[in-house]
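Before any comments, here is the structure.
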Amino acid sequence: MDKIKNVLARLERLSILEKSRQIDVEPDRRMLAITPETARFYHRLLIGIRAKNILELGTSTGYSTLWFADAMLHHTKNPKITTIEGNPTKVRIARSNFEAAGISQYIKIRQGKIRDVLKNMPLKPAFEFVLIDADKENITEYFEQVLPRTKIGGIIATDNVLLPAKYQKFMRKYTTYITKNRRVVTGTIPLGYGQEITIRLS
């Protein structure tokens, strides 16, 4: 796990430099990821629920995926993470980070449009945990696609639900929609950019 922590530390330093504009990074290579505080929250959560099979929508450079793998390795020798990313440059960067961390064997990267990849994914085996951290315009559709692929009692977590006004119309529509869904119970946590934690009931 030391290799994972080393890569995470490097990515966190890089993120600070990017956000403070101390380095100029091309849009295709920017590290769009959950905050370190959010990552540590999900790390503890995944250890607590002993997740062994998870799904991530939006890989970016692999920061959250690395945290997930580290958490899962606390209780299983063979964690399974499926992560979907449409940007081929970020897929290459993420794959390099996974190799440096020594966790490539646990991660299946699916490159392509999220809705298309999900459409072709089987319903079983279902996931214990799903993170939705992708484009906001299609977020409600993504939720509908992942819900039947999530175990009863499983968690669908959504990042960015408290983003600035530019994205609020999408996020308000999303949270209103899932609040009315009787198959789940859901709530918002003001952590990082805002986390929606949704549990599948049926």
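Taking neighbour counts of Cβ atoms within 10 Å as a proxy for exposure, in what order, fewest first, do Leu163, Leu66, Leu191 appear?
Numbers: Leu163 14, Leu66 26, Leu191 17.
In increasing order of surrounding Cβ atoms, one gets Leu163, Leu191, Leu66.
Take Thr65, Thr76, Thr186, Thr176 and order them by how many other Cβ atoms sit within 10 Å, fewest up front.
Ascending number of Cβ neighbours within 10 Å: Thr176, Thr76, Thr186, Thr65.
Give me the percent relative contact order of the chain, please, defined on Cα pairs under 8 angstrom at least 6 residues apart.
Working: 348 pairs, mean separation 37.3, N = 202.
Contact order relative to length: 18 percent.
Return the long-range amide H neighbours of Gly154 (sequence gap of 5 or more, or a different chain), with a cut-off of under 5 Å between placed amide H atoms.
For Gly154, the qualifying residues are Arg200.
Taking the range 60-141, which GluC sites (Glu not before Pro) meet the DSSP loop condition and have no more than 14 other C-beta atoms within 10 Å? Please report the intermediate quantities before stating the final value.
Numbers: sites: Glu85, Glu99, Glu128, Glu137, Glu141; in loops: Glu137.
Filter output for the range 60-141: Glu137.
With runs of 4+ DSSP H residues as the only contributors, calculate the mean residue ellipticity of the chain at 222 nm using -39,500 (n - 2.57) per run, divided by the residue total and rounded to the nearest 500. Walk me through the numbers on the way to the answer.
Working: 7 runs with 85 residues, N = 202.
My calculation for the chain gives -13000 deg cm²/dmol from helical runs alone.
As a footprinting exposure proxy, order Ser64, Ser104 by other Cβ within 10 Å, with the fewest listed first. If you can, show how the numbers build up before the last one.
Working: Ser64 24, Ser104 15.
Starting with the residue having the fewest Cβ neighbours, the order is Ser104, Ser64.
How big is the gap, in Å, between the Cα center of the range 124-182 and the Cα center of the range 57-81?
19
Excluding same-chain residues fewer than 8 positions from Lys108, which lysines have a Cα within less than 27 Å of its Cα?
Lys3, Lys5, Lys52, Lys77, Lys80, Lys90, Lys119, Lys124, Lys136, Lys151
Taken together, the values in this text are just the output of simple stated rules run on the coordinates, not laboratory data. What you are looking at is a predicted structure, and each value in this text was computed from that prediction instead of being measured. Backbone-built Cβ (ideal geometry, glycine too); neighbour counts: all protein chains shown.
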